[in-house]
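Before any comments, here is the structure.
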Amino acid sequence: MSTSENTTFSIRVSSTGDTFEVPANRTILHVLYENGYEVPLDCSNGRCGTCRTRYLSGEVDHRDTALSESERSEFLTVCVSRAHAGEVVLDLPPPQSTQPVERPIAVVEAPVCVACLNCVRFCTFGAARIDNALIGVGGIQGAAVIDADTCTGCGLCAAACPTGAIEMNISTHDSVIGTIHTLNTESVPELNTEVAEADVAEAPLSVMIFACPQCRDTTHEVCDAKSEQVSTHVQTRVVDVPCSGRVDTLQLMHAFESGADAVMVAGCQPGECFFNTGNLHVTQRVKRIADWLDGCGLERDRVHMMHLTPGDHDSLTNALDELTKKTGICGPSPLRRTASSPTQASTSR
Ligand code: SF4
Ligand code: SF4
Ligand code: FES
């Protein structure tokens, strides 16, 4: 539904009495965040139900696909739902602070943009466009710009941008790379020491898994269960990402560079991605990384794309076992023993 079909309405927070207008081009979520009210957020597009908020009165125009009819009599999703008119009274606690709450969005650095249109094509929310008034790289006319109100912060554009012109305000490129290196080299020192000191043939294999929000719980639970198995010959590290489509080829390379023997991306089943196509884009990148591994003299079996149904522990366990088995045949990565620390690692694109 386009914003031209929206009407202005107001919201009142019952705990404070604060009343705010929600213009046609803004969501309830935007207005709450701007005024310091924090609501849990995930998909930003009405599909997950994370932002459900109890309302006490009002004629709500439910626009999500997450809530059941019975839930809708009590809750609304503030990321997409609106009011037909008048006022909606929300049952929210007072804000923790008077500062606006930061929500994830993408930002373009115009002087680095080559106006390739990748971000425009990858953004399924229509948040990215080329502004001909901006000056791009080398003085070219036109550069990309992101509409902060429409942006869901999925990061698909940042992963697809060939020049690194797009940065996320949360889950930045450097923070993701830093997490990869920290997990592989620092945060589990006893395990890393075990890997470093073990005989190559005996060393536990190190598997890094990038998990999208929907697959995150299942991934952590399967990895926790693995770590409790005394006989296990695998150590897992999980990198949480806002969407599997946020994972770019450089991040996958850094996972290997920093010592992973194998890498898996856990994203939703085709057609189930909260951000529509993130899981399909990353599948292509995983294939490219498999080719890159071949080209480097490493084995393509070390990387795997897992399309997971959240809660399907068995399938993930089987996929992890299969990946470990194939990696075991390849042996520990030759990059592992020379893995650099986060401070030594180059994070430039
Ligand atoms: S972060 Fe996602 S929603 Fe925002 S501009 Fe990029 S692709 Fe579009
Ligand atoms: S993908 Fe990057 S370089 Fe291409 S238009 Fe968007 S911001 Fe510019
Ligand atoms: S964050 Fe609102 S429905 Fe997902």
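The values are calculated or read from the model by the stated rules, or taken from the named source; none is laboratory data. All values derive from a computational prediction rather than experimental measurement. Glycine gets a Cβ as well: all are built from the backbone with ideal geometry, and neighbour counts include every protein chain shown. Ligands, DNA and RNA are stripped out before the accessible areas are found, and what is left, the full protein with its side chains, is counted by its heavy atoms. Shrake-Rupley method; radii C 1.70, N 1.55, O 1.52, S 1.80 Å.
Residues that are open to solvent by less than 40 Å² (accessible area, probe 1.4 Å), in contact (Cβ under 8 Å) with a residue 60 or more places away in the chain, over 18 Å from P100 (Cβ atoms) and in contact with a helix residue (DSSP H, G or I) (Cβ under 8 Å, 6 or more places away or on another chain) occur at least once in region 47-54.
Select, from T77, T124, the only residue that is on the phi < 0 side of the Ramachandran plot, modelled with pLDDT under 95 and either surrounded by fewer than 22 Cβ atoms within 10 Å (Cβ to Cβ) or not small (G, A, S) (or both). After applying the criteria, what remains is T124. In region 152-173, of all residues being surrounded by fewer than 24 Cβ atoms within 10 Å (Cβ to Cβ) and touching a helix residue (DSSP H, G or I) at 6+ places or on another chain (Cβ under 8 Å), the one that is nearest to N279 (Cα to Cα) corresponds to A160.
Condition check ((1) over 19 Å from the mean Cα position of the chain (by Cα); (2) outside any strand (DSSP E or B)) across all residues:
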{"residue": "R47", "(1), (2)": "no, yes"}
{"residue": "T53", "(1), (2)": "yes, no"}
{"residue": "G58", "(1), (2)": "yes, no"}
{"residue": "L67", "(1), (2)": "yes, yes"}
{"residue": "E71", "(1), (2)": "yes, yes"}
{"residue": "E87", "(1), (2)": "yes, no"}
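Looking for something away from ligand 1 (no atom under 15 Å from the Cβ), over 15 Å from the mean Cα position of the chain (by Cα) and either in a strand (DSSP E or B) or over 30 Å from T236 (Cβ atoms) (or both) - is there at least one such residue anywhere in region 141-160? Yes, because at least one residue in region 141-160 is away from ligand 1 (no atom under 15 Å from the Cβ), over 15 Å from the mean Cα position of the chain (by Cα) and either in a strand (DSSP E or B) or over 30 Å from T236 (Cβ atoms) (or both). When region 281-291 is limited to residues that are of a type outside the set (V, I, T) and buried (at least 17 other Cβ atoms within 10 Å of the Cβ), the one that is nearest to S244 (Cα to Cα) turns out to be H281. The condition of being modelled with pLDDT of 95 or more, hydroxyl-bearing (S, T, Y) and under 21 Å from the mean Cα position of the chain (by Cα) holds for only one of T219, T277, T236, that being T219.
Does N184 satisfy being among the polar types (S, T, N, Q), within 14 Å of ligand 1 (Cβ to nearest atom) and touching a strand residue (DSSP E or B) at 6+ places or on another chain (Cβ under 9 Å)? So N184 fails the test.
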